[in-house]
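Worksheet: the structure to be examined is printed underneath.
The values are calculated or read from the model by the stated rules, or taken from the named source; none is laboratory data. Treat the numbers as computed from the prediction; the structure is a model and nothing was measured. With ideal geometry, Cβ positions are generated from the backbone for all residues, glycine too; neighbour counts draw on all protein chains shown. In case anyone asks, the SASA skips ligands and DNA or RNA and just uses the protein heavy atoms, side chains included. Shrake-Rupley method; radii C 1.70, N 1.55, O 1.52, S 1.80 Å.
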Amino acid sequence: MKQYIFNIHDVVLLMTAAECLLLAVFQAILPTRSRHDGRLLIAFLLIIAVASACTLALWNDQFSLAPWLEQTLLPYLLFTALLLKGPAIYLYVCSLTRQNFTFTRRMALHLLPAALVILCLAIFNISSNDLRHAAAGQGFSATIVSLIWDLASLAPFAYSVAALRQIRRYRHALKDEYSHYSEVELNWLTALVWGVCVAWAWTTVVHVVAKFSSQSVADYMGIADNYLSFILINAFFAYSLTYAHQLLATQPEAASDERIPEEDEPSEPAIEKVRNAMESDKIYLKKNLNLEQFSDRIELPAKEVSAVINKHFGTNFFEYVNSYRVEAAKSLLSDPSKTDMTVLDVLLESGFNSKSAFHRFFSRLVGMSPTEFRKQALADTKTS
């Protein structure tokens, strides 16, 4: 009679662990980049590999490990991995979206939840059997186990939310420093982190359901969680190969003596320099213009230029420059002598270098497409 050790759902966990190890090795032999995103991705893959392998060992009772490994070491490995996957993904996102990202001593604070849980496991001598039967157990030890499971479910989700907030800050920083940037890479990263957030929110839901519902329902939901993890691992590795290195760098924080006090209004000469650069020098016609190039052109610190645009003009660099470009495009589109210019010619002549960005921005500011605006403007010119 044949005896099966793994069912198909266990195979998914096994494949997740094995693939994470292989992808970590493959990532390690890729050419290194100046930032730490590659190393953090390797750490994330290894953490997921350990978490998947330990989950399989904890809940599959068809095979046995050495007693000291299964009963004593397994809980430490499992919860260390579960509580480190959140910091790993958060720091990975930070390494992609922060210029000159470095590891600091302060980052050791992210290890505190894992350290706290390891301490609790040691003090209360919690074994794998205690973890399996926490719901049925009673007493102080069962309460501690339940709290540990709560922390292991909630902490990763909290870190995924923090990663989303970091991406949002990065997007705002890009708009403050670039007049044009490709959103493809950033949108993919956002989608991936949203996927992680949804997956880890699902893990939290599974944990809550396991407390108040039948075991079979919780098992099926947990199986779906394993499939989500397998899909996300492949997506993250594909993103690392394809898009991660294309993200733009934002300016690092200026030294304290270069900062513009928050309460100070921009000076009138600085405002005039910024305005003249746009209206007289038409610097917005330069493609791929960024804040650093703009500030060098008018010989003002980037922080001061940013303060002028944000506080005096009430917008960010991205919106400010592109609003002038749209006005230049409107002038070309409404000129009867320029009817031989295609929309592509107009957008390039106006300083844009992306057709999709031009159409999106023009439609938002003007309320109609460039083609519709041209027809209406030329019709008005003929009637007048």
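Overall, the accessible surface of region 35-94 at a probe of 1.4 angstrom is composed of carbon and sulfur to the extent of 69 percent. Site pair residue 205 and residue 311 shows an inter-label distance of 4.6 nm when each label is modelled 7 Å from Cα along Cα→Cβ. At full extension, residue 287 and residue 377 could sit 29.8 nm farther apart than now, given 0.36 nm per residue minus the alpha carbon distance. From the alpha carbon centroid of region 268-344 to that of region 145-160 is 48 Å. Note on residue 176: accessible area is roughly 50 Å² with a 1.4 Å probe, heavy atoms of protein only.
Heavy-atom accessible area with a 1.4 Å probe sorts 372, 265, largest first, into 265, 372. In plain terms, the chain from residue 11 to residue 169 could stretch by 53.0 nm, reckoned as 0.36 nm per residue minus the Cα-Cα distance. Which FRET efficiency value, to the nearest 0.05, do you get for residue 275 and residue 105 by plugging their Cβ-Cβ distance into 1/(1 + (r/R0)^6) with R0 = 45 Å? Once the sixth-power term is evaluated, E becomes 0.50.
Each label point was placed 7 Å from the Cα along the Cα-to-Cβ direction; for residue 299 and residue 353 their separation is 2.7 nm. Computed from the C-beta positions of residue 60 and residue 115, the FRET efficiency with R₀ = 30 Å rounds to 0.60. Taking the Cα centre of region 287-327 as reference, the dipole from Cβ charges on Lys and Arg (+1) and Asp and Glu (-1) amounts to some 80 debye.
Accessible surface of residue 73, taken over heavy atoms with a 1.4 Å probe and every protein chain present, rounds to 60 Å².
Among the protein heavy atoms, those of residue 101 account for about 20 Å² of accessible surface (1.4 Å probe, every chain in place).
With 19 Å as the limit on Cα-Cα distance, the pairs of 282/375; 273/311; 355/382; 282/355 that go past it are 282/375; 355/382; 282/355.
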